[in-house]
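Chemist: Submitted below is the structure of interest, expressed as structure tokens.
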Amino acid sequence: MENSFDPAHVNFVHRGTFGDQADAGAVVMEISDEDDWGFTMRTLTPVKNPEGARHVTRTNDEKTTRDITARWWMPFARASRFQYPNGLVHSIFTAATPIDDRRSMVCQFAWRNDTEADVSSADVIEFDRRVTAEDKYILETTDPDVPLAERASEISMASDRAGVLMRRKLHQLLSVHGEDEATTPPVR
Ligand SMILES: [Fe+2]
């Protein structure tokens, strides 16, 4: 879920599909509508638009922009709406269900404001899976034992704003129910 709200990962993790390493960083990042069960985040992100993406973005421009409005529902669901300058809206819903301490089952589906005649569902699913496979690779090589409480050994940067908020909100949720996180002690 944190990865879903990390604007900085796009340019590097998704360099094989739409991430532009030469133009890193969202130009807009706003968080709003925070409540007990999540928040909304808007980002405006320049992306590259290579051959393999053009049939789903439906533009032949070398670069385009994703205007993203994403909602996090605690703890493990999100919906992200990607709007492109040509009016295309591509939305995805993702649910991550923990199986054990190290594994989750991730289910995702997409819906759009165009038709099967414009781009086939099979092509949309194929592109979505390529993007998600890039996330899968990086997530499976990341330590799943994420500390919710702030640690001196971790330093955050501006693009981690949503992630820091997510950890704080999850920690508060545990606290409200008289619980605390259980993590592996940090290596000193
Ligand atoms: Fe991603």
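Chemist: Could you check, for segment 30-44, whether at least one of its residues is at pLDDT below 95, of a type in the set (A, V, I, L, M, F, W, C) and within 16 Å of the ligand (Cβ to nearest atom)?
Modeler: No, because not a single residue in segment 30-44 is at pLDDT below 95, of a type in the set (A, V, I, L, M, F, W, C) and within 16 Å of the ligand (Cβ to nearest atom).
Chemist: Moving on to the next point. For segment 127-163, give me the residue count where each residue is polar (S, T, N, Q) and more than 14 Å from the chain's Cα centre (by Cα). Reasoning before the result, please.
Modeler: Just the residues of segment 127-163 that are polar (S, T, N, Q), to begin with: 132, 141-142, 153, 156, 159.
Narrowing the set further to residues that are more than 14 Å from the chain's Cα centre (by Cα) leaves 141-142, 153, 156.
So the answer is 4.
Chemist: Please verify whether segment 83-91 includes one or more residues that are under 25 Å from Asp143 (Cβ atoms) and among the polar types (S, T, N, Q).
Modeler: Pass one, segment 83-91, residues under 25 Å from Asp143 (Cβ atoms): none.
No, there is no match, as no residue in segment 83-91 is under 25 Å from Asp143 (Cβ atoms) and among the polar types (S, T, N, Q).
Chemist: Could you list all residues from segment 101-157 that are in a helix (DSSP H, G or I), within 16 Å of the ligand (Cβ to nearest atom) and loosely packed, with under 11 Cβ neighbours inside 10 Å?
Modeler: Once the filter is applied, which keeps residues that are in a helix (DSSP H, G or I), within 16 Å of the ligand (Cβ to nearest atom) and loosely packed, with under 11 Cβ neighbours inside 10 Å, segment 101-157 yields only Glu140.
Chemist: Another question, if that's okay. Mind checking which residues of segment 72-100 are aromatic (Phe, Trp, Tyr) and either at positive phi or surrounded by 17 or more Cβ atoms within 10 Å (Cβ to Cβ) (or both)?
Modeler: Within segment 72-100, Trp72, Phe82, Tyr84 qualify.
Chemist: While we're here: Between a first residue in segment 7-29 that is away from the ligand (no atom under 11 Å from the Cβ) and a second residue that is in a helix (DSSP H, G or I) and among the aromatic types (Phe, Trp, Tyr), which pairs have beta carbons less than 8 Å apart while being 6 or more apart in sequence or on different chains?
Modeler: Close Cβ pairs (under 8 Å, with a partner that is in a helix (DSSP H, G or I) and among the aromatic types (Phe, Trp, Tyr)) amount to Gln21/Phe12; Ala24/Phe12.
The values are calculated or read from the model by the stated rules, or taken from the named source; none is laboratory data. Bear in mind the structure is a predicted one, so any value in this text is a computation, not a measurement. Note that each Cβ is placed from the backbone with ideal geometry, even for glycine, and that neighbours are counted across all protein chains shown.
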